[in-house]
Amino acid sequence: MSTLTYESALEKYDPVFGIEVHVELNTATKIFCGCANQFGSAPNTNVCPVCIGLPGSMPVTNEKVVESAVRLGLALGCSIRESSRFARKNYFYPDLAKDYQISQYDEPTCYDGELEVVLDDGEVVTVGIERAHIEEDAGKNTHVGGSGGIQGADYSLVDYNRAGVPLVEIVTRPIEGTAERVAEVARAYVATIRDIVKAMDISDGRMEQGSLRADVNLSLRPKAADGEDQSAVPFGKRSETKNVNSLRAIERAIHFEIVRQAGLLDAGQPVHQETRHWHEDTGETTSGRSKEEAEDYRYFPEPDLLPVEPDAAWVESLRGTIPEHPAKRRARLQEEWAFSDLEMRDAVNAGALDLIAATIAAGATPASARKWWLGELARTANDAGTSLDGLAIAPAQVAAVQAMVDEGKLNDKLARQVIEGVLAGEGEPSEVVAARGLEIVSDDSALEAAVDEALAAQPDVLEKIQSGKVQAAGAIVGAVMKATRGQADAGRVREIILQRAGVNP
Ligand code: ZN
Ligand code: MN
């Protein structure tokens, strides 16, 4: 095995990569039939003659799929083809009951786009998009027992619920010139695609559930000598690592492939053009099958479906629904909210941007919205092992709690108890305040009584205050806060103490 490191490999070789991302669309029904498009149903319950390919069944294209695909294409800067035929991609695998996948071949609906990808330090890389085509997903095999995998298992199960789930496959052009930032660019590209499909609400973008899956192509070529044109050096043979299903795994798989391929090249051995499997546990890829060429699939036009012909005026109307590029939105919000780079990065990493934006829209200041979502609520989510948007509290409720703090009805401690009550399902913030009796005691006569009682109990403290040691009032404030179970406004209590002691505040 090679003892090369990633860094030393990149001193000698120039990486070129490409990514195919499959995005599962979140339409209510599948692409060519009326079956529910739903993750997590009991196996083989969302199926019908069309999606399991029974003879005589006829597919009909789901208009919503075309709409989502066109919108995604527009967001990726693609041209939209006036007429695209579907094609049959023929191959046998047990999860594909028809023995062909309905896809698009020479007429992808979306083509020739580009996407700006912003790296952590703000550098922008433009990724060329070759195509984004519409196709159906296959079912899911589960190999049980034995040594695993399709060859080693005791038996295999197949679930056709996923067969016919709509996909858009986005294919990049070869991405050159990233050098030692290759893994970072690949990760940022997939993260950007994920952010876009989520912002457009056309997919949940969950990599861990397979809603967004990436195949990573990578090849190495010798690094050009100083002053020579790197792009003039021909590409090396590439490997295609399939189903790399987390952002972290994309970086790891690229690291592994660079070291592996550099080791082969250094030893004078060929890199084979092949698909490879990613193993999350070992961080390695292993050889799959030798890469088939398009001819192997015997593509031919799908005779049972009409071509996709999006009306030009409709396409233009969809263009108006494309959200701002996530990186541009981020930059705009950072400026509007006056967050530091670090604060913004924390908010993005916590998946809190939309929640903070909605909390601000409901009336909170940016600083207070950030404080709640990245403080108390982030801790709660972390303890519960859930994401922030999985918490049972809405941005408007957070804003309502903060408004009560701003009005002096709650102090921070009480506000946290209100949040806790909302999370526990006790109702709206105002209901939690009423039911738990959490409102600050702002009634001066009640506070005065509590102050008098505390002063009477500690006459020595009263003397100290009167002799000018104003800071001694802290002990009385503490006693009053205790007596009111934290429900007093400490500032107001202090004022009353000084009044009672006859000292000017
Ligand atoms: Zn069906
Ligand atoms: Mn595909």
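For residue 490, the test of being among the aliphatic types (A, V, I, L, M) and in contact (Cβ under 8 Å) with a residue 60 or more places away in the chain is passed.
Here's the yes/no breakdown for (1) away from ligand 1 (no atom under 16 Å from the Cβ); (2) within 30 Å of residue 29 (Cβ to Cβ); (3) of a type outside the set (Val, Ile, Thr); (4) in contact (Cβ under 8 Å) with a residue 40 or more places away in the chain:
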{"site": "128", "(1), (2), (3), (4)": "yes, no, yes, yes"}
{"site": "136", "(1), (2), (3), (4)": "no, yes, yes, yes"}
{"site": "155", "(1), (2), (3), (4)": "yes, no, yes, no"}
{"site": "160", "(1), (2), (3), (4)": "no, yes, yes, yes"}
{"site": "170", "(1), (2), (3), (4)": "yes, yes, no, yes"}
{"site": "173", "(1), (2), (3), (4)": "yes, no, yes, yes"}
{"site": "193", "(1), (2), (3), (4)": "yes, yes, no, yes"}
{"site": "198", "(1), (2), (3), (4)": "yes, yes, yes, no"}
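Just to check your reading of the model, which residue among 8, 41, 57 is surrounded by fewer than 17 Cβ atoms within 10 Å (Cβ to Cβ), more than 16 Å from ligand 2 (Cβ to nearest atom) and not in a loop (DSSP other than H, G, I, E, B)? Write out each step before concluding.
Values: 41 fails: not in a loop (DSSP other than H, G, I, E, B); 57 fails: not in a loop (DSSP other than H, G, I, E, B).
Unique residue meeting the criteria: 8.
In this entry, residue 346 is excluded by the filter for residues that are exposed (fewer than 11 other Cβ atoms within 10 Å of the Cβ), under 25 Å from the mean Cα position of the chain (by Cα) and either part of a helix (DSSP H, G or I) or not polar (S, T, N, Q) (or both).
Among the residues of segment 286-323, write down those that are farther than 30 Å from residue 260 by Cα, assigned to a loop (DSSP other than H, G, I, E, B) and in contact (Cβ under 8 Å) with a residue 24 or more places away in the chain. I'd like the intermediate steps shown before the answer.
Step one: filter segment 286-323 for residues farther than 30 Å from residue 260 by Cα, giving 298-323.
From the residues that got through so far, the ones that are assigned to a loop (DSSP other than H, G, I, E, B) too are 298-299, 302-307, 309-311, 320-323.
Correct list: 298, 299, 302, 304, 305, 306, 307, 309, 310, 321, 322, 323.
Of all the listed residues (111, 105, 93, 100), the sole one being out of contact with any strand residue (DSSP E or B) (no Cβ under 7 Å at 6 or more places or on another chain), of a type in the set (Ser, Thr, Tyr) and either within 16 Å of ligand 2 (Cβ to nearest atom) or within 24 Å of residue 185 (Cβ to Cβ) (or both) is 93.
On inspection, residue 205 does not qualify as within 16 Å of ligand 2 (Cβ to nearest atom) and either surrounded by fewer than 23 Cβ atoms within 10 Å (Cβ to Cβ) or in contact (Cβ under 8 Å) with a residue 24 or more places away in the chain (or both). Looking across 132, 153, one residue alone is over 21 Å from residue 169 (Cβ atoms), assigned by TED's automatic domain parsing to the domain that holds residue 193 and touching a Ser or Thr at 6+ places or on another chain (Cβ under 8 Å). It is 153.
When you go through 187, 181 one by one, which is the residue that is farther than 28 Å from residue 26 by Cβ and of a type in the set (Lys, Arg)? Even if it seems obvious, please write down each step before you answer.
Details: 187 fails: farther than 28 Å from residue 26 by Cβ.
Just one listed residue meets the conditions, 181.
Restricted to segment 18-37, and to residues there that are more than 16 Å from ligand 2 (Cβ to nearest atom), farther than 18 Å from residue 140 by Cβ and not β-branched (Val, Ile, Thr), the residue that is surrounded by the most Cβ atoms within 10 Å (Cβ to Cβ) is 34.
Can you pull out every residue in segment 116-173 that is among the small types (Gly, Ala, Ser) and away from ligand 2 (no atom under 16 Å from the Cβ)? Let's see the steps before the verdict.
At the first step, the residues of segment 116-173 found to be among the small types (Gly, Ala, Ser) are 122, 128, 132, 138-139, 145-149, 152-153, 156, 163-164.
Hits for segment 116-173 are 122, 128, 145, 146, 147, 148, 149, 152, 153, 156.
The values are calculated or read from the model by the stated rules, or taken from the named source; none is laboratory data. Since the model is a prediction, treat every value here as computed from it, not as a measurement. Heads up, the Cβs are rebuilt from the backbone with ideal geometry, glycines too, and the neighbour counts pull from every protein chain shown.
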